[in-house]
Every structure is written in C-alpha cells, then in structure tokens.
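Taking it in order: structure first as structure tokens, then the write-up.
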Amino acid sequence: MKVVSSGPAQVTAPQVEPFLLEVADVVNTTLDLETTLRRVAELVRKVIDYEIFAILLLNEQKQELYVRFQVGYPVEVADRTRLKVGQGVTGRAAQLRQPVLVNDVSQEDFYVDAVPNVCSELAIPLIVKNRVIGVIDIEAREKGYFTEEHERLLTLIASRMAVAIENARLYTRTTRQARTLLLLNEIARELTSILNLDELLKRVGELLSRIIDYQMFSVLLVDPSSEKLQHRFALRFQERLHLKHDIPIGRGLVGHAAKAKEAVLAGDVSKDPRYILLNPETRSELAVPLIYKEKVIGVLDLEHTRRGYFTEDHKRTLTTLAAQIAIAIENARLYEQIAKQEQRLERDLALAHELQFRLLPHARPKVPNLEVCAKFVPARAIGGDLYDFIHYSLSRLGIVIGDVSGKGAPAAIYAALVSGILRSHAPIEPGPAEMLSAVNLSLGERRIDGQFVSIIYAVWDDERRTLQVANSGLPRPIYCHDGKIEVIQATGLPLGLFDEADYDEFSFKAKAGDLFVFYSDGILDARNRDGRSFGSERVEEIVLGCQTQSADCVVNNIFKAVAEHTAGADPFDDQTVVAIRVKNSSGAATGTSKRK
C-alpha cells in the first residue's frame, strides 16, 4: 500500500478521496469561525500527529500575524505573539506566499523561539483570491519530523480551508456588525431617555461593556474654561473610581483626542510619546472625543492591560456611539441646568408668593357696623389681582379690589406698584372717582407698554352708613338689599392706558343686612372642561342665596361654586372677591342710591 504521509498518523491512497470530501464538507457546512478553525485542526491531525499547532490570521493594516487558534501554546505566549510579515517561519511563509519547511530550526537565523524545545516547523500560507489571510503552522520537538508529503497534503488542505476561514471571518464580521448596529441603536434609544448626568454616565459604562470588554473606562468632560478635561466618571474592573486630577487639552492621549477632534488608538502605550502614566497596569488605550455641534465637550477613554487589545473595529464602533453619547450628555447637562434654574425660580416664586400675601391686609378691618370678608387665589404662584383696606379718618374705610393685565410675576410687580400708588394718595382721603383719576395720572407718568389695571374703589362711612363706589373696568359690583339683586352700573376705562379719564361715582345709603360684593374677571371667566364660563348669573344667585347670611358665606360659596364648575381644570385667571355686609339696624336706612 502506498503511504502518502509518514509519522504516527498516516493517510493511505484509498483514504485521500474521502478525506478531501470531508474537507469540502467543512468548507460548505459551517460559517462559524470558531467551529471552522477547530475542524481544520481536527482534519490536520488526521494526517499529521502534531503536538503544537496554530492558525495565525493576518492583520492587513499592521501587516502582522496573530494567533487565532492554537494547540500546545502557553496561553500567555499565544496572547502575546505578534509576527510581522517576513518574521520567523510563519512570517516568511506569508511573505513568500508558499510553504516553508524547516527540519532543524536551530540552523535558521530567521526562526523565532515562541514555544520551548521546538526542533522542526512547517508553515503553510492561507491564500484566498491571491491574497494571504493567514498561516497554518505546525511545530514538533523532533528534528526532521515533517516530510514533503506532509507539506503537499497540508498545502492541499490549506487551499481549501482558506476559503472556509475567510467565509467564516466575513460572516462573523457581518454578524458582529449587524449585532453591534442593533446594540448601538438600542443604546442610543436608552441613553436619550436618561436625564440625570451621573446616572447616564454609569449606564454608558454598563452598556459599553456589552460591545467592548474593556477593563478601565472613564469619561472626561471639558471644563467651563475649555482649557482642561475633568474626570466626571470612571470605572476600573467594574468598580467605581473617583479621579480628581485634570488633564490639559492637548496633553496625553485623551488631551490629544480632544484637541485634534479625532480618536486615538494606542496598541502599546509605552511606545506612544503622548501617553501620560496614570495607571501602571495600562498597556493599550482608546480615546474618542465627544463632539456636539462641532464642539468637543469631552472624551471617552478605554484602557486594557493587554497590548494591542483595542482594534480598528472598536475604534469605529466607539466613534459611532460617541456621537449619541455626546447628545445624551448635553441633554442631561441642559436638564440639570434647567432643573437648577427651576429650583431657583421655585425659591424666588415662593418668596414672591410670601411677599405678595404679606402686602395684602393681615387682618380684616374692624368697623363697628360693617362685616368684611375677602379672598384672593392667584392662577399661578403669584398673580396680578389685589385687594386692600385703607383707613380714613372719621370712621371711614377705603376698599380696593384690582386686576392687573396679564398674570404671573410681571402682573404681581405691577400690582405692587399700583398698591404703592394707592397708599401714597390715601393721606388726602380722596373720593372713589378722585382716587381712580389720581392713580391713572400716576401710572401715565410711569407708563409700561401693555400694562394696565382695572380697579373698583369704594369708601364706606360707618357713621352715616353710606358707600361711594367708582369702577375702572372690573365687573360691575352687586348690591343685595330688600331680598333683591341690584347690579351697580359703574363702569370706566382701565387705569394706565389714557392720560385723562373721568369716572362716575355712585352713592348708597345702606341699612342692616344690605350686602355689597366686588369681584374680579377671574370669577366670571372661570371655565369648565367644556369651555363654558362661570358667568355673572351664577354669582348673583349665590349672593341672593346668602342675603341673610354673613359676608364669609358669600365669599366662600362663590369660591366653592367656581371650584366645582372648573372641576380640576387649571385656573385661567386670578380670582378675587370682597364682600361687605351691614351688621346692625341702628339709625334709618332707606336703601336708596344716588349717582354723583
């Protein structure tokens, strides 16, 4: 029987054809790279009983071979081995594009001693479409172990298996890219929903580990001066670190990435002059700038204890993800700024709310023959409605209710201005119409575009039990007496719009039980979910229903009815009601009214 290969394992001539069919089966039945490499090793063992075996693949960009599959290599040697094309037996096979058989490695100057006590070596290039993709390498501890028959048969195997390996590599790369793209899309969606910066960076570290098995991870952000990078978040072997040192822009790998606006990949940091020694364990590093609207806002930095760990694929993947991370970081920082501004605004509004209510009367005025009740509910934290009670001499009381145009802080400030003007004119004890004219003149001297105020001003004389009323644009007041409702036909132009305006003044002689009610637009305009306003008729019904009750009954029932009407809808406008009721019946009370 003719022997095709010698050594402990032999293939005879009748076995060659089924063997080649088995080779073809490997080529055609699997696209998994690990499975393909393992089956190649199994096939080779059928013709050569090896002890030391490796399949090295070529990194075309670096033109170096690295161990992708091995048998008999110490693990640390396999991980560390990098052979340039032309270096050693395997490198020479790749360079010459043909098998290299060495019977005694001690006689060859180009031999690289990777595994101890090796005496002979056979290397066969893997070639696909005239392109070297790797090398099959077998070593033995006996001189002259490999024969020309081994070389021919291994060359035959390599010519077939190169196609299988390349197909598996392409499939693996394509599958990995598709999986990476899906993962990147998932990560991007999740990151944009996290608005807390610390939580975001922690999640970035967790999600990134699903793509790249890093050992050290940190995020550095550009400080406000744009002169240095500050560590904002760091992990080392999945443990949180608090790093305080800053890195100037342009220094170190991360500083260079920030300055040049490009990713920096260092396969061996000890050979990169830009590297700053911060972690003695680091051997390889990948730094990618975070760029938002063409401005660098920070750097993502990955480190590993193994040289050459990070690849160009890692670099491309992280660069793609960095764009989404930069957007998420800016969103989170913007949210933090807004949250801080809102906190300050809330504190300011709370203070303004307190100040506004402190400007309102602290207590009801004590008038012997008059019961007084008032309530103010702003549409927002602060509002533009106001009410006040101003004591005149000789048992007279000025009663004010006002509504400033607009809402919120501007209206509240304008209302404070109006209150100050009212108080400044009070010492001369003007009548209602005179007071409105005086306030209008003062606001005209301080005119603010788009700002005006509507005011009802009334003066109650407790000895005479008379009420004088003037109106400058608020809803007409209600006078309830003798079991009926009378709407006081007092109208007028709002204050602060025109330099000169005249106001009518109405006078009433009241008796015990008479009721006067003043209110702002916010009561009438309160809308329910269907858009229907509360309206003046409802107010009149409530006032008539409380004609024998207290002033508190009127105010409380109006606000209760308005709340039920709006049924939880956001208030549209500030709401204010002032009610006064004559308390006793001493003296005559005609119930008539006069117009002045």
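The values are calculated or read from the model by the stated rules, or taken from the named source; none is laboratory data. Please read these numbers as outputs of a predicted model, since none were measured by experiment. Glycine also receives a Cβ, built like all others from the backbone with ideal geometry; neighbour counts cover every protein chain displayed.
For every residue, the table says whether it meets (1) more than 25 Å from Thr36 (Cα to Cα); (2) touching a Leu at 6+ places or on another chain (Cβ under 6 Å).
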{"position": "Leu83", "(1), (2)": "no, yes"}
{"position": "Gly86", "(1), (2)": "yes, no"}
{"position": "Val89", "(1), (2)": "no, no"}
{"position": "Arg92", "(1), (2)": "no, no"}
{"position": "Val102", "(1), (2)": "yes, no"}
{"position": "Cys119", "(1), (2)": "yes, no"}
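Filtering Leu370, Leu386 for residues that are buried (at least 21 other Cβ atoms within 10 Å of the Cβ), closer than 20 Å to Ile448 by Cβ, in contact with a strand residue (DSSP E or B) (Cβ under 6 Å, 6 or more places away or on another chain) and in the same structural domain as Asp525 (by TED's automatic domain parsing) leaves a single hit, Leu386.
Filtering the range 69-94 to residues that are modelled with pLDDT of 90 or more and in contact with a Lys or Arg (Cβ under 9 Å, 6 or more places away or on another chain) leaves Phe69, Val71, Arg82, Lys84, Val85, Gly86, Gly91. The set of residues in the range 459-507 being of a type in the set (Phe, Trp, Tyr) and within 27 Å of Leu441 (Cα to Cα) consists of Trp460, Phe498, Tyr503, Phe506. Here Tyr519 passes the criteria (1) buried (at least 17 other Cβ atoms within 10 Å of the Cβ); (2) modelled with pLDDT of 95 or more; (3) over 49 Å from the mean Cα position of the chain (by Cα); (4) not charged (D, E, K, R) except the one numbered (3). Within the span defined as the range 445-460, every residue fails to be within 54 Å of the chain's Cα centre (by Cα), part of a loop (DSSP other than H, G, I, E, B), hydroxyl-bearing (Ser, Thr, Tyr) and surrounded by 17 or more Cβ atoms within 10 Å (Cβ to Cβ).
Note on the range 336-388: among residues that are under 33 Å from the mean Cα position of the chain (by Cα), among the basic types (Lys, Arg) and at pLDDT 80 or above, the one that is farthest from Ala512 (Cα to Cα) is Lys340. Of the residues making up the range 522-566, those that are surrounded by fewer than 19 Cβ atoms within 10 Å (Cβ to Cβ), outside any helix (DSSP H, G or I) and within 48 Å of the chain's Cα centre (by Cα) number 9.
Among the listed residues Arg45, Arg97, Arg82, which satisfies the condition of being touching a residue at least 24 places away in the same chain (Cβ under 8 Å) and surrounded by 15 or more Cβ atoms within 10 Å (Cβ to Cβ)? Selected residue: Arg82, the only one of Arg45, Arg97, Arg82 that is touching a residue at least 24 places away in the same chain (Cβ under 8 Å) and surrounded by 15 or more Cβ atoms within 10 Å (Cβ to Cβ). One residue stands out among those in the range 80-91 that are touching a Phe, Trp or Tyr at 6+ places or on another chain (Cβ under 9 Å) and of a type outside the set (S, T, N, Q): the one that is farthest from Glu108 (Cα to Cα), which is Arg82.
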